[in-house]
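Here is the structure we will look at, set down as structure tokens.
The values are calculated or read from the model by the stated rules, or taken from the named source; none is laboratory data. Here the structure is a predicted model, which is why all the values come from computation and not from measurement. For neighbour counting, all protein chains shown are included, and Cβ atoms are generated from backbone atoms with ideal geometry for every residue, glycine included. Note: accessible area is taken over every heavy atom of the protein model, side chains too, but ligands, DNA and RNA are not part of it. Shrake-Rupley method; radii C 1.70, N 1.55, O 1.52, S 1.80 Å.
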Amino acid sequence: MITLGVTLLATWFTQRRTASQTAISQNRRLEAGIALLNGVSLAIVAILLRSEAIKHLQSPKPLLGLPLLGTAGLNLITNGVRFIDYTMTIITI
């Protein structure tokens, strides 16, 4: 969650209009650094998820189905709304 916030902040910061070549170079370095941080954090999360999945496969525990379905449904609705918003933006351009 922290890296997503940092990525959003870096994106906002680098998209501001800058006049000097030095500022553009600094923005590119900032973008590269944040991208590296984001990639490393995603790799760490993937490794942790893999280890948890292996533990779960070795000793399965029952899952609560209703909260799982509720979360999946909310995610589906959120992605659907975002997709509609995106397609409407493309159509109006």
ask   = Does the range 27-41 contain any residue that is over 13 Å from the mean Cα position of the chain (by Cα) and at pLDDT below 75?
value = yes
ask   = Right, VAL45: open to solvent by less than 80 Å² (accessible area, probe 1.4 Å), closer than 27 Å to LEU9 by Cβ and among the β-branched types (Val, Ile, Thr) or not?
value = yes
key: Test: residue in the range 77-90 that is open to solvent by 100 Å² or more (accessible area, probe 1.4 Å), farther than 25 Å from GLY5 by Cα and outside any helix (DSSP H, G or I)   = no
message = Suppose the filter is within 18 Å of the chain's Cα centre (by Cα), at pLDDT 80 or above and in a helix (DSSP H, G or I); does GLY73 pass it?
response = no
